[in-house]
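Nothing in this text is a laboratory measurement; each read-out follows from the coordinates by a stated rule. This one's a predicted model, so the numbers in the text were calculated from it and none came from an experiment. Cβ coordinates were reconstructed from backbone atoms using ideal geometry, including for glycine residues, and neighbour counts include every protein chain displayed.
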């Protein structure tokens, strides 16, 4: 059996390892086009803080791990996929056959149509190469403008603050991380950032970036403001890497449309991670989640099915955890709530504390919090296990911080006589 | 046979000796806020439930880790965090559906039960045998974990 | 070290919170908690000050072992001048607040002055601030605890607060922490409320470390835990039955007072005993006792968690009392039950819930109701005063009704809020108040157990069993058996118990350990944790020093040997029947001898020589 995996991110690596476990004799190869060994984008902020060097971003020990697992890692770009011949063509012209193919090509940052984003002072923050450029230009005392206060934008804030730059964040939405947090939580992040000395402009967009004196650029804002900057970072979203599938006839939308086995419209081709548009646990719809836990879950589920040992899964839960200059926030599932559902929340703006739970009937379907780091994973447990909360729903309505208590009480024998 | 923690909430008196033993073992101080085992108090029910990582086979935390910082201790089966590798990204803390791997602001790393390398101090300190470390492949703790885990949809795919 | 070496000083008049270093010279002499805080109080306030005025201070103090793994090491004490007695007050509480305060990095908090408006103190490690508590004023302990948890969104927050009785000036209001552990006696809650301080909310994440010799400490702690586990009282009796194990025992030996100590021996004792608490009831098949519970670090776990029968008249339409909460301890069961002649376990449990919910001392409360009942039966108090309630001994409905009146500050409630001394004076029958220095007796009749008579008479905080629990020797035979009817040898016994207790309290440990632990178990734990001389001899001397210091505070407050007395009933009215028939307290014989052993003058003043000997 020949398993070919395109993409060396978390989805690809987990898939390769899972395949090896399920099928000890199979041929397994990962093909990735970045020059580094498989690494994690999640670790880039910590590379920028200089908590870790480049090797600290690697998904696995590049020297020993893949060899020990008998997984071939090929550093090449894939130019073409031929589902009919069941092979792929690499940039060097060679072809590789497959029995099962996993598309785990991830996504790429997209830039809004703003004039001047091609200037050398403008970078996205996606690859290690981007990180090196940012590290070079984000010197202490220099002015930096970050376009986009989404997830990616927020996780690199701390790194930029620690490098001592004067930072301004521009977000077109009415709050920070609008796709992950509600108004109250996003508002807390904004006031927190401002307290850390970061300029935050929400409901504001960048109109243009133009070259100015020295190495500086001028950033013109929709609110009439003008900012001078040595570095402009764009973090305005990502898009699935689908180009490779042009002409294959595989069904795509925002990503590769996959079923509950992570299988595309071609039975031998699977997709996982940011490139996959798989079933969302909460909605049952096919959605691109582009988050680390989904990438690894996708990778595992796809691999098990590629090896013929998998079941249909019930969809992956959308969830995020974000550290914004030390303020930790997270959200799960339908954090914005459902029609006719109940919700509970506690909000303490003075102390940057927030928790919001969303119920559909007796079950928890979504949650978000700010300022909490303990036991937050249990929100996933409560949602994914679809526990009927019974009495505990009322207790959570009264005090939503009792999430762990609710989970334990609903899943354990407490020793009642 | 590998041992596992067996927890009997019915025997717990809520004294927190386990939390102190855990924090003392891992930090050298008596500091329940840094304990990896936590006793939950159910006031109205008059019950106490110690709770910590079940070292589950799913190893959600380990799989979600983007930098390979969580590995299995071959001698105990514990999923162990390597402080050298953990960057503190917290992805594991939302991936673990049991809520038993947590971010420690003081160290900037995540922390979880490591079974103290095979001599869990919580069990040693427990005055009522509510926490024991026993040879058993089907302890009450496993049952507890299983009952919680079986309803988790994505766990089912590993059955094969 | 194990001291954090930091004191938090909160000036409520100014609204300021400041950190200052712990006086280590004093720490090495007075150890911590009760001893050290009493030293601070003695140095900082005029013992003659108005206990409810701004000049009184209120100290919440931990011991050096508080927050460590030593068994029971979670205790803190509240020290101030008592409004009930006018003497030094030191009320000790378990639960989890003491350890949390230590984890936040503080050995003690000294509150001084008086806030203009209600406030609460929020302690989050080094971050300390006074917050507005207007919204909490008028709330019960339970409500306050819940609200603060929700405000700060932290299930691990520990709260100590006062309830409505304290706000209303009830002279025996308690400070309740963790919903049902209390610094219960002498009206420390009244002092807290007089300062407009509603609550103290604490979260500590720094832990306790820096032990003088950690390895030796852990070995001593392990050895100590072993001794507790093997001992029949601390290893079996207390966990299974709680202090309530004593109800039938003390009744059996003829030392259980009943009906305002008019009688000794209570025919309903069995119905309110530990055994009864374990008996499944008819309505739902569940016993009163849900489980036993431990305070922080406690390997004994004598605490009772109970429920009231949901069909019982007292709670039938009150679902807020249908859950489990702190159940009856022996002293409470006695005061609320035997002393009032009531043997309805559910009623007593309900009233005990109210004591926790609104923060008042069940011993003083039960004894005050008992005094009122005796006066009612004698016609001194009538239904006119009680608002139509037939406040007779044994009338359960009446008891529940007056308790609700106390909490609501209505009807007969304000009279009961006075405590028995002022109540009996008000109605012209001061001799019916079963108190020493204005504080009510607990559950051991000093006519039956002679050592307890001397214990009560000389206790520095008024009648109290927890200053020298000679019951341990006189009834249980621990550590040695003495005869409860004998007066001989009791002065020595009482002095030794008083000194040991002062030291154990000051370490941050629970006195119940001393059923099993001698000083040779305790001293090594302190010595390994703390710098200074904490050998057995050093500990005993510190205990004696603390006792004498408290005595000197009281002397300066105006107390003399004349106040080391018992009500005439206990000196003159012999026990009418039972195994102790015919006995009265022989305090007169014991007291002079006690003074002599203490190195005090004939009128009970600490001599210069004694002061010098103890470096006072």
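Centroid-to-centroid, using Cα positions, region A:168-246 and region C:478-515 are 72 Å apart.
Given contacts defined as C-alpha pairs under 8 Å and at least six residues apart, what's the relative contact order of region C:1-142, whole-number percent? Contact order relative to length: 27 percent. Taking a ≥ b ≥ c as the square roots of the Cα gyration tensor eigenvalues, with a/c under 1.5 meaning rounded and otherwise prolate when a/b beats b/c, else oblate, which class fits region C:447-613? Note, shape of region C:447-613 comes out oblate.
Counting only other chain Cβ atoms within 10 Å of each residue's Cβ, the peptide B:69-82 averages 0.
Diagonalise the Cα gyration tensor of the protein assembly as shown and give the resulting equivalent ellipsoid semi-axes, square root of 5 times each eigenvalue, largest first, whole Å.
Rounded to whole Å, the semi-axes are 65, 30, 27.
Per residue of C:295-308, other chain Cβ atoms within 10 Å of the residue Cβ number 4 on average.
What is the antiparallel percent of DSSP beta bridges lying wholly in chain A, to the nearest 5? Please list the in-between numbers first.
On the way: 48 of 82 bridges.
The antiparallel proportion sits near 60 percent.
Only Cα pairs under 8 Å and 6+ residues apart enter the sum, and on that basis the relative contact order of chain C stands at 16 percent.
Name the residues of region C:516-534 whose amide N is less than 19 Å from a point 7 angstrom out from the Cα of residue C:480 along the C-beta direction? Counting backbone N atoms under 19 Å from the label point, the list is C:516-522. Here the label points at residue C:134 and residue C:410, each 7 Å from Cα along the C-beta direction, are separated by 2.6 nm in the simple model.
Within region C:561-599, find all residues whose amide N lies under 20 Å from a label point positioned 7 Å from the Cα of residue C:609 along Cα-to-beta-carbon. Hits in region C:561-599 for residue C:609 at 20 Å: C:561, C:591-599.
Protection proxy ranking for C:410-423, A:199-212, C:15-28, using the average of other Cβ atoms within 10 Å per residue and placing the highest first: C:410-423, A:199-212, C:15-28.
One quarter of the surface of the convex hull around the alpha-carbon atoms of region C:180-293 equals 13.1 nm², the direction-averaged projected area. Whole angstrom only: what separates the Cα centroid of region C:175-215 from the Cα centroid of region A:346-375? What the calculation gives is 29 Å, centre to centre.
Working ranking of peptides C:535-548, B:11-24 by packing, defined as the average number of other Cβ atoms within 10 Å per residue, highest first, is B:11-24, C:535-548.
Can you pull a Stokes-Einstein diffusion coefficient for region B:1-117 at 20 °C (1.002 mPa s), Rh from Kirkwood over Cα pairs, as a whole number of µm²/s?
On the way: Rh = 14.9 Å.
The diffusion coefficient I find is 144 µm²/s.
Taking a temperature of 20 °C and a viscosity of 1.002 mPa s, what whole-number D in µm²/s does Stokes-Einstein yield for chain A with Rh from Kirkwood over alpha carbon pairs?
Approximately 94 µm²/s, per Stokes-Einstein.
Spherically averaged projected area of the convex hull of Cα atoms, chain C: 23.9 nm².
Its Cα gyration tensor gives region C:197-250 an equivalent ellipsoid; the semi-axes, largest first and in whole Å, are 31, 24, 7. Restricting the calculation to Cα atoms, region A:309-359 yields a radius of gyration followed by a Dmax of 14.9, 52 Å. Alpha carbon centre of region B:33-98 versus region C:79-104: separation in Å? Between the Cα centre of region B:33-98 and that of region C:79-104, the gap is 38 Å.
For region B:55-112, the convex hull drawn through the C-alpha positions has a volume of 74 cubic angstrom per residue.
For region C:503-578, the Kirkwood estimate of hydrodynamic radius, built from reciprocal distances between every pair of different alpha carbons, is 15.3 Å.
Extension gain for residue A:55 to residue A:394 (0.36 nm times residue separation, less C-alpha to C-alpha distance): 117.2 nm. Shape annotation for region A:326-411: C-alpha extents along the principal axes are 34, 27, 21 Å, from largest to smallest. Taken residue by residue and averaged, Cβ atoms of other chains lying within 10 Å of the Cβ of C:210-216 number 1. One quarter of the surface of the convex hull around the alpha-carbon atoms of region A:122-234 equals 6.6 nm², the direction-averaged projected area.
As a test, work out the antiparallel percent of DSSP beta bridges whose residues both lie in chain C, rounded to the nearest 5.
Details: 48 of 60 bridges.
DSSP beta bridges in chain C are roughly 80 percent antiparallel.
With each label modelled as a point 7 angstrom along the Cα→C-beta vector, the residue C:126-residue C:574 pair spans 6.9 nm.
Set the Förster radius R0 to 22 Å, insert the Cβ-Cβ distance between residue A:33 and residue A:265 as r into 1/(1 + (r/R0)^6), and round the FRET efficiency to 0.05.
Values: r = 24 Å, r/R0 = 1.11.
That gives a FRET efficiency of 0.35.
The eigenvalues of the Cα gyration tensor, multiplied by 5 and square-rooted, give region A:273-417 an equivalent ellipsoid with semi-axes of 27, 20, 14 Å from largest to smallest. Look at the Cα gyration tensor of region C:254-322: its axes a ≥ b ≥ c give a/c of at least 1.5 with a/b at or below b/c, and that counts as oblate. Only beta bridges with both residues in the protein assembly as shown are counted; by DSSP, about 70 percent of them are antiparallel.
Can you give me the relative contact order of chain A as a percent, contacts being Cα pairs under 8 Å and 6 or more apart? Intermediate values should be presented prior to the final figure.
Working: 933 pairs, mean separation 59.8, N = 417.
The normalised contact order for chain A reaches 14 percent.
Indicate the gyration tensor shape class of region C:82-225 (rounded, prolate or oblate), computed on the Cα atoms with a ≥ b ≥ c the square roots of the eigenvalues: a/c under 1.5 is rounded; otherwise a/b larger than b/c is prolate and the rest oblate. The shape class here is prolate. Residue ranges C:146-153, A:392-399 sort as C:146-153, A:392-399 when ordered by packing (mean number of other C-beta atoms within 10 Å per residue, highest first). Label sites at residue C:378 and residue C:46, each approximated as a point 7 angstrom past Cα along Cα to Cβ, lie 3.7 nm apart.
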